Amino acid sequence: MIDSQLRARFIGFQLQEGFMKKYLVGIAVLFCCAFVVVAAQVQFNLGATDDGSVQKPPPLPRTAEDGDFKAGSAVRQGGEDCASATAITALPFTASGTTIGYADDYEEACPYASTSPDVVYSYTPGADIYVDASLCTPGDNTDYDTKLFVYENTCPDGVPFACNDDACSAPYYASFVSEILNMHMTAGNTYYFVVDGYGVGAGDYTLHVSEGTPPPVCDCTGTEVPEGEPNCGIPDTYNGGCNQSATYDPATFTTVSCNTTYCGTTGTDGSTRDTDWFLLNMPQVDNVHVTLTAAYPMFIFELDIPAYDCAVAAVTQNVPVDACVPGTMDFTSVAGDNFIFIGPQNYDGVPCPTDYIMEITCDVVPVELQSFGIE
């Protein structure tokens, strides 16, 4: 999963949930900061759940005897449900507890459903604020495959305010652990943090809740050509490309041109993200430069869709772009249709709508002239 931060290099990124290919390959997998070479059957789900990841194993069941808080941790147990939630009265806040022996009161799939027990904390900010919530700090006692989601005012509220499964993963964490960053919370509203698990997983945890960093402002200026998406892509029913239609349909791509700047919108809802697919038709082979600027971390993909068959669509290259720092992807076009993908790096924390600016410039590939001995 993308949330697990496992990066499969050499081939395959996932672009849309439910759109899968399997390869038996030897690949280099980047676990946070170290490479491990594996030979395995790897799933590449071209879609809204991941960038390309190894299938998660089922969690091991735990019993009350397995619970073991680390010495010195600040034990402040979460409540059984929202009505009995443990109140967070000030930030930063840190508390340890366990989900062992508690009921499965709430469930949100982001993207996997579970039947794990859960506990709840609540927070009511006095002013609008950006908030980070994490189970991930190395050395703390989170020791099982977690899930973390947030409700606003009501439990459950139909769609979670935010949800994360695997933001932090091995080898630097004991398991697949959860984190949600830069949630924008409104003064006077009550937010419920539900510490849950993957599958039937349960265990000990340490929850950190702190003030986040407001995102930089780098919105469109009004001089760009609008992308035209009416709902910022949640749900993604406009220019969703092969994510929107299992068979190739040019109507699901936005046609773009060289030497033009576009204003697009994007967003996330905790379990999916808006993905924008663009078609650049070139009369000849040119050098193409796609520069993206957005308030949140984004990806630019160059795509290959052989014979216009979405079932075999693949990522040719991937360029991550940091928040409000322009990033550029360069490629040599083919004469004909070329495909570009824009989407958030994460599945939560990007308000809908969020602007991005995409500039496409092109220049002719130089041709080497030879005289062939002609004077």
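The values are calculated or read from the model by the stated rules, or taken from the named source; none is laboratory data. Fair warning: this is a prediction, and the values are worked out from it, not measured in the lab. Here Cβ is always computed from backbone atoms with ideal geometry, including for glycine, and neighbour counts include all displayed protein chains.
The table that follows gives values for the structure above.
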| item | result |
| --- | --- |
| Residue ID - surrounded by the fewest Cβ atoms within 10 Å (Cβ to Cβ), chosen from residues in region 242-256 that are over 13 Å from Glu227 (Cβ atoms) and touching a strand residue (DSSP E or B) at 6+ places or on another chain (Cβ under 9 Å) | Pro250 |
| Candidate set: region 317-359, residues that are in contact with a Gly (Cβ under 6 Å, 6 or more places away or on another chain) and without any contact (Cβ under 8 Å) to a residue 40 or more places away in the chain; chosen: the one surrounded by the fewest Cβ atoms within 10 Å (Cβ to Cβ) | Val319 |
| Test result for Gly139, assigned by TED's automatic domain parsing to the domain that holds Phe93, modelled with pLDDT under 95, under 20 Å from Tyr106 (Cβ atoms) and more than 17 Å from the chain's Cα centre (by Cα) | no |
| Among residues of region 142-190, those that are assigned to a loop (DSSP other than H, G, I, E, B), at pLDDT 90 or above, among the polar types (S, T, N, Q) and closer than 18 Å to Ala95 by Cβ, counted | 2 |
| Given (1) closer than 16 Å to Gln77 by Cα; (2) in a loop (DSSP other than H, G, I, E, B); (3) of a type in the set (A, V, I, L, M, F, W, C), number of the condition Ala127 does not satisfy | (1) |
| Residue selected from region 277-316 under the condition of a type in the set (Phe, Trp, Tyr) and over 13 Å from Phe331 (Cα atoms), by the criterion surrounded by the most Cβ atoms within 10 Å (Cβ to Cβ) | Trp277 |
| Every residue from region 218-230 that is under 18 Å from Phe278 (Cβ atoms) and assigned to a loop (DSSP other than H, G, I, E, B) | Cys220, Glu224, Glu227, Gly228, Glu229, Pro230 |
| Conditions (1) buried (at least 22 other Cβ atoms within 10 Å of the Cβ); (2) within 16 Å of the chain's Cα centre (by Cα); (3) part of a strand (DSSP E or B); number of the one not met by Cys110 | (3) |
| Top-ranked residue of region 120-135 - restricted to ones that are surrounded by 21 or more Cβ atoms within 10 Å (Cβ to Cβ) and touching an Asp or Glu at 6+ places or on another chain (Cβ under 8 Å), ranked as farthest from Ala202 (Cα to Cα) | Val131 |
